[in-house]
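Chemist: Could you have a look at this structure, given as C-alpha cells, before my questions?
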Amino acid sequence: MEKILCHFLIGIPASGKSTLARKIAQLDPPAAIVSTDAIRAELFGDEIIQGEWGQVEALVIQRIESAIASGYPVIYDATNAQKEWRQDILKKLNFETVSWLAWWLKAGVKKSQQWNQQRSRIVPDEVIERMALYLRNCPPRCDEGFIAVERIFPDIRESELKQKIAHYHHQLRKA
C-alpha cells in the first residue's frame, strides 16, 4: 500500500505557514488543511485566544485522523516550534500509512515581525522572538519522525514547491 504524503509545517508566527499551506493544498489535492489558528477561532471565537491546548489538540487529532481515514493527505499548520510539541503530536498520529514531510519556513525574525504588523491578528514581538529561539536551539530533524525536513523561504516559487512535492511522492512510490 502506498503511503500518504502529509505535510507538517514549522515556523515562527507570521513566517508564511498558512500561505504555504494553501499553496500545498492547491498543488497536492485533495489535501486537508488542519490549522490550530482556525480551530482556536472555532472553539474560542478568535484565533488569538490560546485557550486550553487539550481542546485544540483533540480537534487537531480528530481532523487529521478523519482525513487520513478517508485517504486524504493532511497539511498540519501550526508553529511546531518546540521539539517536544512536534514529537508529541507525531506520537499521537503514528500511522503506518502516513509519511510526514516537515516544511520549515526560514523567514527571519525581523521579516516576520514586519509581516506580523500587516496582519489583522498581531502576535507580540516577544512571542515571535521566543519561537525563533526555540527553533534555533532545537531545529527540526528527520529523527523526530519526518521523512525529510525541507528548509524553505516563504518566497519559494510555485514551480520549485511543485517539484519538491513530486519528488517526495516519487520517493514514497519507490519505497
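Chemist: So which residues in the range 111-124 are in a helix (DSSP H, G or I) and farther than 16 Å from residue 11 by Cβ, if there are any at all?
Modeler: 117
Chemist: Need the failing condition index for residue 108 against (1) under 18 Å from the mean Cα position of the chain (by Cα); (2) closer than 29 Å to residue 58 by Cβ; (3) without any contact (Cβ under 8 Å) to a residue 24 or more places away in the chain, just the number.
Modeler: Going through the list (1) under 18 Å from the mean Cα position of the chain (by Cα); (2) closer than 29 Å to residue 58 by Cβ; (3) without any contact (Cβ under 8 Å) to a residue 24 or more places away in the chain, residue 108 breaks only (2).
Chemist: Against the conditions (1) within 11 Å of residue 6 (Cβ to Cβ); (2) of a type in the set (S, T, N, Q); (3) in contact with a Phe, Trp or Tyr (Cβ under 9 Å, 6 or more places away or on another chain), where does residue 97 fall short? Just the number, please.
Modeler: Looking at each condition in turn, residue 97 falls short on (3).
Chemist: If we scan the range 42-65, do we find a residue that is part of a loop (DSSP other than H, G, I, E, B) and within 13 Å of the chain's Cα centre (by Cα)?
Modeler: No: the range 42-65 contains no residue that is part of a loop (DSSP other than H, G, I, E, B) and within 13 Å of the chain's Cα centre (by Cα).
Chemist: Suppose we keep only residues that are touching a helix residue (DSSP H, G or I) at 6+ places or on another chain (Cβ under 8 Å) and not in a loop (DSSP other than H, G, I, E, B) within the range 147-162. Which one would you say is nearest to residue 11 (Cα to Cα)?
Modeler: 152
Chemist: Now for a separate question. For residue 19, state whether it is part of a loop (DSSP other than H, G, I, E, B) and within 23 Å of residue 121 (Cα to Cα).
Modeler: The answer is no for residue 19.
Chemist: Follow-up. In the range 52-110, how many residues are farther than 15 Å from residue 8 by Cβ, surrounded by 14 or more Cβ atoms within 10 Å (Cβ to Cβ) and touching a helix residue (DSSP H, G or I) at 6+ places or on another chain (Cβ under 7 Å)?
Modeler: 3
Chemist: Report, by residue number, each residue of the range 66-99 that is farther than 20 Å from residue 127 by Cβ, among the charged types (D, E, K, R) and not in a helix (DSSP H, G or I).
Modeler: The answer is 96, and nothing else.
Chemist: Okay, next question. For residue 151, indicate whether it is touching a residue at least 24 places away in the same chain (Cβ under 8 Å), touching a strand residue (DSSP E or B) at 6+ places or on another chain (Cβ under 7 Å) and of a type outside the set (S, T, N, Q).
Modeler: Yes.
Chemist: One residue is enough: does the range 22-36 have a residue meeting the conditions in contact with a Gly (Cβ under 8 Å, 6 or more places away or on another chain) and farther than 18 Å from residue 168 by Cβ?
Modeler: The answer is no; no qualifying residue exists.
Chemist: Could you tell me whether residue 23 is at pLDDT 95 or above, surrounded by fewer than 18 Cβ atoms within 10 Å (Cβ to Cβ) and touching a Cys at 6+ places or on another chain (Cβ under 7 Å)?
Modeler: Taking the combined requirement at face value, the residue does not satisfy it.
Chemist: Separate question: Would you mind stating whether residue 132 is hydrophobic (A, V, I, L, M, F, W, C) and surrounded by 12 or more Cβ atoms within 10 Å (Cβ to Cβ)? Walk me through how you get there before you give the answer.
Modeler: Values: hydrophobic (A, V, I, L, M, F, W, C): yes; surrounded by 12 or more Cβ atoms within 10 Å (Cβ to Cβ): yes.
It is true that residue 132 is hydrophobic (A, V, I, L, M, F, W, C) and surrounded by 12 or more Cβ atoms within 10 Å (Cβ to Cβ).
The values are calculated or read from the model by the stated rules, or taken from the named source; none is laboratory data. Just so it is clear, the model here is predicted, and its values are computed rather than measured. A quick note on method: Cβ atoms are made from the backbone with ideal geometry, for glycine too, and the neighbour counts reach across all protein chains shown.
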